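Beneath this line is the structure, given in structure tokens, with notes to follow.
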């Protein structure tokens, strides 16, 4: 008689049979193998869950401004310098090769003032992500007259009313900024363009001199003659002693909605809606209303020219 090989549980194959004797293992051994497999699967599931919790390739979730993606909010570009531009914004240094560039051209408008064109290279305007992180070759521009800020620009064209420019020779400057409001710079100098402008009586509306009569604060906006009830949304703002009430915030509207801006200022000023190029004279102590159709998406500031106050931001989706 041939002796039967000794049963060896340590030689179990994938079929749960002993290589030595070919018999199934004891029930206790099979239970042990099932428990080990379950433990291994649970460990793997916990590892996968831990990786997903960090998101975006293992990085913690970043909270960022509307219109700015996670990659934008957590990215960086160039070198942030301690130096600032003339208006106090810190410089963001980038290499000269591939750096943003801007050239300013000024053309007289046939009715009033001048039309400005910003010819940019290696740069794009990004009004939707203003306030987010700095992205390569993106952002907005500032317009200055003789070193004083006139407006923030979100596109290549801007109409400059004659009422904002005193008679005489002036220097216009446009400077490029990142979404986080740092100024793009090369070799420690801001990226900017300049142009010379001479304002005369002929630059005024109608092409004739007003003599000693003060020029109107701004050309009347056609939309201001419409009744506020024709608007889908009404925003009421008061300016008193250099303060805006209610405090400036974002006003969200849907594309195509008609928005009425009802503003009362204690001093004569000019209301300006950036991006839409809408303006309205604000008589001292009187309510004035500007109605516009929000037919462009993005983030657009509403501010006053003389006092340089931000009244609200229109977020059009």
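The values are calculated or read from the model by the stated rules, or taken from the named source; none is laboratory data. Bear in mind that the values here come from a model prediction, so they are computed numbers and not experimental data. Counting neighbours? That spans all protein chains shown, and the Cβs are built from the backbone with ideal geometry, glycine included.
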**Study point:** Filter result for residue 152 (in the same structural domain as residue 86 (by TED's automatic domain parsing), surrounded by 14 or more Cβ atoms within 10 Å (Cβ to Cβ), assigned to a strand (DSSP E or B) and modelled with pLDDT of 95 or more)
**Key:** no
Practice item. Among what's in the range 258-282 and is in contact (Cβ under 8 Å) with a residue 40 or more places away in the chain and outside any strand (DSSP E or B), pick the residue that is surrounded by the fewest Cβ atoms within 10 Å (Cβ to Cβ). Key: 277
Review point. Of 206, 242, which residue is surrounded by fewer than 19 Cβ atoms within 10 Å (Cβ to Cβ), at pLDDT below 90, under 21 Å from residue 309 (Cβ atoms) and out of contact with any strand residue (DSSP E or B) (no Cβ under 6 Å at 6 or more places or on another chain)?
Key: 242
